[in-house]
Amino acid sequence: MDSSHSIRIAAPRNQIFARYADVASWQTWDSELVDVQLPTFAQGASGWLKPRQGPKSKIKLVEVKQDRSFTVESALPLCRMQFGHDLADEDDQTRVTQWVCFTGALAPLFRRLIGKNVARSLPDTLEGLKRACEAGALNA
């Protein structure tokens, strides 16, 4: 794992996972995302996303564990970037951790080119998720 960030959210894992599974809503709480297309939220599903900074990229859900975790992968030249999302019960809240990992021959290059920006964006993205989930919990 190259970078990670965690936050506690006052909502159950299944509610947070449902927010993640609603791919069409990602850009409402993730300020780093312009658009995303993913036909289904299931392991093996492929689509694309367009970050605020950077090119539109193909993505694939390489692992999905209902209400526990999922990992998105993007293929870069001689490198793979995996972006993981883990949910764990912690007292009466859920600890959400997002992480990014680069592997392959050009991983050191991509860590320098985009890894730092991705790492810097993790706290804001998780704060947006927290606001969306906790507002949803209050309105449920």
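The values are calculated or read from the model by the stated rules, or taken from the named source; none is laboratory data. Note that this is a predicted model, so its numbers are computed, not measured. FYI the Cβ positions are ideal-geometry reconstructions off the backbone, even for glycines, and counts take in every protein chain you see.
Summary of computed values
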| item | result |
| --- | --- |
| So K130, is it in a helix (DSSP H, G or I) and exposed (fewer than 14 other Cβ atoms within 10 Å of the Cβ) | no |
| Unique match (being over 17 Å from G115 (Cα atoms), of a type in the set (G, A, S), at pLDDT below 95 and over 13 Å from the mean Cα position of the chain (by Cα)) among A42, A24 | A24 |
| Any hit, the stretch 110-123, residues being among the hydroxyl-bearing types (S, T, Y) and buried (at least 19 other Cβ atoms within 10 Å of the Cβ) | yes |
| Tally of residues being under 16 Å from S57 (Cβ atoms) and in contact with an Asp or Glu (Cβ under 8 Å, 6 or more places away or on another chain) across the stretch 85-110 | 3 |
| Residues that are over 18 Å from P123 (Cα atoms) and either of a type in the set (D, E, K, R) or in contact with a Ser or Thr (Cβ under 6 Å, 6 or more places away or on another chain) (or both), drawn from the stretch 12-31 | R13, D22 |
| Some residue of the stretch 58-73 being surrounded by 13 or more Cβ atoms within 10 Å (Cβ to Cβ) and at pLDDT below 95 | no |
